[in-house]
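Structure first, commentary second.
The values are calculated or read from the model by the stated rules, or taken from the named source; none is laboratory data. What you see is a predicted model, and the numbers here were worked out from it, not measured in a lab. Positions of Cβ are generated from backbone atoms using ideal geometry, with glycine treated the same way; all protein chains shown enter the neighbour counts.
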Amino acid sequence: MKERLAVGLLQADLVWQAPEDNRALLADVLAESALGLDLALLPETFTTGFTQAAEAFAEPAEGPTLAWMAEQAAAHQLTLAGSYLVEEEGCYYNRLVWMPPNGDYATYDKRHLFSMAGEHTVFTAGAERKVFTCHGWRCCPMICYDLRFPVWSRSRQDYDLLFYVANWPEARARHWQRLLPARAIENQAFVAGVNRVGMDGEGFSYAGDSQILDPLGDSIAENEGGETVLRAELSAFQLARLRDKFPVLEDADEFQLKL
C-alpha cells in the first residue's frame, strides 16, 4: 500500500446534455491539474449533467466516453473515475467507470436511484457493491443519492477510501456537508465527495461543496467555490494508527443485505 495517495476532485460546471463539450472541458482541466495525482474523480453523469434523457444520451458499454477515459488515464498515468449514462442489453444505467492507466477498467452501477426525479423509471439499479484498488488502497465507489443510505456504504473492513461522485443540488447542500463526515467517522475511512457547480438544464443550482475528509471526519480539502480542482494526500499511516488505537469496526454488527 502506497504511504500517500494523491487524490484530486474535479469540481466542474457541466454543459447540459453535451457529451463532447464536457469531455473537452474535463480534458483541459486534467491537462492543467493532473500532474502528481494518483486518482482523479469526476462528478456524477459528467458527460451530460443529471438528465433522465437516457434514450438520447446513453452510450454503449464500450462507447466514446469509455475510450476517452482510457486515453486520459493513460496520458496522465492516473486512475480516473466518474459516472455517465450507459445502455447495455436493453437497460439503462447510471454507471461509474473506474479506469486505471493500463485500461483494465471496472464498473459500479448506481444502487439508489433518485425516485423524486424519476430516475427509477428510466434506469436499472445496481445490485453489487464494489471495491477497487489504486496503489494498494482499497477504494469503494458510490454515486450521489447512495450517500443517504449508510448500510450500503457500511465498511466491512474492506476499504480505505469511500468516495461519492455527485450532482447534489444546492437546496440540500447542508445534508451533503453533514453526511460526508458521518460516513468517514462511522467507517473509519477517508471519504471524498466530488460535486458539480453551476446550473443545469432543469434549472437546478449546484454549489459544489466538494471535500476530502480524514477518518476522523475532519476536512483536509474543502470546496473553494466555482470550478476548481481539490487535492489532498491520504496517509496510510494515519489510517492504520487510528484503526489500531480505536478499533471500532471490531465491534460492528454482522449483517447481510437482501437485494
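Annotations
- Qualifying residue in segment 127-150 (condition: touching a helix residue (DSSP H, G or I) at 6+ places or on another chain (Cβ under 7 Å), outside any helix (DSSP H, G or I) and of a type in the set (Ser, Thr, Tyr)): no
- Residue match in segment 144-164 (condition: more than 15 Å from the chain's Cα centre (by Cα), aliphatic (A, V, I, L, M) and farther than 23 Å from ALA53 by Cβ): yes
- Identification of strands (runs of 3 or more DSSP E) wholly contained in segment 170-259 with 1 or more residues that are exposed (fewer than 13 other Cβ atoms within 10 Å of the Cβ) yields 205-207.
- Hits in segment 13-37 - residues which are of a type in the set (A, V, I, L, M) and not in a loop (DSSP other than H, G, I, E, B): ALA24, LEU25, LEU26, ALA27, VAL29, LEU30, ALA31
- Residues (assigned to a helix (DSSP H, G or I) and either modelled with pLDDT under 95 or in contact with a helix residue (DSSP H, G or I) (Cβ under 8 Å, 6 or more places away or on another chain) (or both)) located in segment 38-74: ALA54, PHE57, PRO64, THR65, TRP68, GLN72
- Of all residues making up segment 9-32, the number that are over 23 Å from MET199 (Cβ atoms) and surrounded by 17 or more Cβ atoms within 10 Å (Cβ to Cβ): 1
Each row is one residue, and each column tells you yes or no for (1) among the charged types (D, E, K, R); (2) over 23 Å from GLU3 (Cβ atoms).
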| site | (1), (2) |
| --- | --- |
| TYR93 | no, yes |
| ASP104 | yes, yes |
| ARG129 | yes, yes |
| PHE132 | no, no |
| VAL151 | no, yes |
| VAL194 | no, yes |
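- Boolean, ALA81 is in contact with a Pro (Cβ under 7 Å, 6 or more places away or on another chain), closer than 24 Å to ARG129 by Cβ, among the aliphatic types (A, V, I, L, M) and outside any helix (DSSP H, G or I): yes
- Taking first residues from segment 92-121 that are charged (D, E, K, R) and partners that are at pLDDT 95 or above and surrounded by fewer than 18 Cβ atoms within 10 Å (Cβ to Cβ), the Cβ contacts under 6 Å between residues at least 6 apart in sequence or on separate chains come to ARG111/ALA125; ARG111/TRP152.
- GLY103 vs. criteria closer than 26 Å to GLN157 by Cα and either in a loop (DSSP other than H, G, I, E, B) or modelled with pLDDT under 95 (or both): no
- Some residue of segment 77-87 being surrounded by fewer than 19 Cβ atoms within 10 Å (Cβ to Cβ) and within 30 Å of GLN256 (Cα to Cα): yes
- Any hit, segment 149-165, residues being out of contact with any strand residue (DSSP E or B) (no Cβ under 7 Å at 6 or more places or on another chain) and buried (at least 17 other Cβ atoms within 10 Å of the Cβ): yes
- Within this structure, ARG172 fails the test of being of a type in the set (Lys, Arg), more than 19 Å from THR133 (Cα to Cα) and in contact with a Phe, Trp or Tyr (Cβ under 6 Å, 6 or more places away or on another chain).
- Test: residue in segment 190-211 that is modelled with pLDDT of 95 or more, farther than 24 Å from LEU14 by Cβ and among the charged types (D, E, K, R): no
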